[in-house]
């Protein structure tokens with residue numbers, strides 16, 4: 001089985017994210033909506049382990 005510390009979901013459709021949130025939280029991970037893209041209803045979300053979560057959100061928001 002694989003291992004992933006962080007994942008950015010770029011240009012997600014509105015129905016993509018809700019399906020992943022319970023899986024991530026059940027595994028002890030964290031989730032944040034970062035921002036909407038210029039395309040209508042597209043979103044950027046970040047999933048990660050708890051120790052990296054805040055740092056990744058801050059970096060992504062400063063880059064947007």
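The values are calculated or read from the model by the stated rules, or taken from the named source; none is laboratory data. Since the structure is predicted, the reported quantities are computational estimates derived from the model, not experimental observations. When we count neighbours, we look across all protein chains shown, and the Cβ atoms used for this are built from the backbone with ideal geometry, even at glycine.
Against the numbered list (1) at pLDDT 85 or above; (2) in a helix (DSSP H, G or I), residue 60 comes up short only at (1).
Yes/no matrix, rows are residues, columns are (1) touching a strand residue (DSSP E or B) at 6+ places or on another chain (Cβ under 7 Å); (2) part of a helix (DSSP H, G or I); (3) modelled with pLDDT of 80 or more:
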position: 7; (1), (2), (3): yes, no, yes
position: 10; (1), (2), (3): yes, no, yes
position: 23; (1), (2), (3): no, yes, yes
position: 34; (1), (2), (3): yes, no, no
position: 55; (1), (2), (3): no, yes, yes
